[in-house]
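J.: Attaching a single structure in structure tokens format; questions to follow.
The values are calculated or read from the model by the stated rules, or taken from the named source; none is laboratory data. Keep in mind it's a predicted model, so treat the numbers as computed, not measured. Cβ placement follows ideal geometry from the backbone for every residue including glycine, while neighbour counts extend to all protein chains displayed.
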Amino acid sequence: MIIVFTGNGKGKTSAALGTALRSLGWKRKVVMIQFIKGNKEIGEWKSAKENNIDMFQFYEDEKYNIGVPGEKYREGCQRAWEFVKEIIKKKKYDLVILDEIINAIFYKLVEEKEVIKFLKEAKVKGGNPKGQDVVLTGRGASEKLIKIADIATDMKEIKHSFKQGIKAKKGIDY
């Protein structure tokens, strides 16, 4: 399956990690590749290491929140995408989470057409008896991405603490 968690609301990565927990409950192997994110002092990084989720980042960063990524992120995103293609082809994992890849596509750090083509071909050629699934997260998924998804959820922001001047909170926001 291809699953998309998108939208301006909070919870896209959290939803992907919830899916990971379900997969782990069935002894499925899980990997999360973080596009744009590069800070290892975040709750998901710490938790993943303790819960048998393999996690990879391809950029070193000190920030906790995601803003508009600069050109310096392009190389890391390209390396992340090449890594994703290899692990999907090898079928080492049952669940592959591409965290913030939709943001990387939106900012043209990864080519959307290539991602869609690869995922469609991998799904058709699949033949994986274990059922390899891919989760994509990030704001602003295009209609093209949503069209290839089996599940697509739009996280709609109704209210957010940041807009009230409340800073990011450890364990909630990172």
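J.: Got a sec? Which of Glu112, Glu143 is more than 23 Å from Gly43 (Cα to Cα), acidic (Asp, Glu), within 16 Å of the chain's Cα centre (by Cα) and modelled with pLDDT of 95 or more?
T.: Unique residue meeting the criteria: Glu112.
J.: From the residues in segment 115-140 that are more than 15 Å from Ala15 (Cβ to Cβ) and part of a loop (DSSP other than H, G, I, E, B), which one is modelled with the highest pLDDT?
T.: Restricting to residues being more than 15 Å from Ala15 (Cβ to Cβ) and part of a loop (DSSP other than H, G, I, E, B), the top hit is Gly140.
J.: Of the residues that sit in segment 20-44 and are crowded, with 18+ Cβ neighbours inside 10 Å and in a helix (DSSP H, G or I), which one is modelled with the lowest pLDDT?
T.: Checked segment 20-44; the qualifying residue modelled with the lowest pLDDT is Glu44.
J.: Turning to a different aspect of this structure: Only one of Tyr93, Tyr107 is within 18 Å of Val135 (Cβ to Cβ) and aromatic (Phe, Trp, Tyr); which?
T.: Only one candidate qualifies: Tyr93.
J.: Filter segment 152-174 for residues that are of a type in the set (Val, Ile, Thr) and loosely packed, with under 13 Cβ neighbours inside 10 Å; which is modelled with the lowest pLDDT?
T.: Result: Ile172.
J.: Kindly indicate the residue of segment 2-34 that is hydroxyl-bearing (Ser, Thr, Tyr) and within 18 Å of Gln57 (Cβ to Cβ) and also farthest from the chain's Cα centre (by Cα) among those meeting that condition.
T.: Per the stated criteria, the residue is Ser14.
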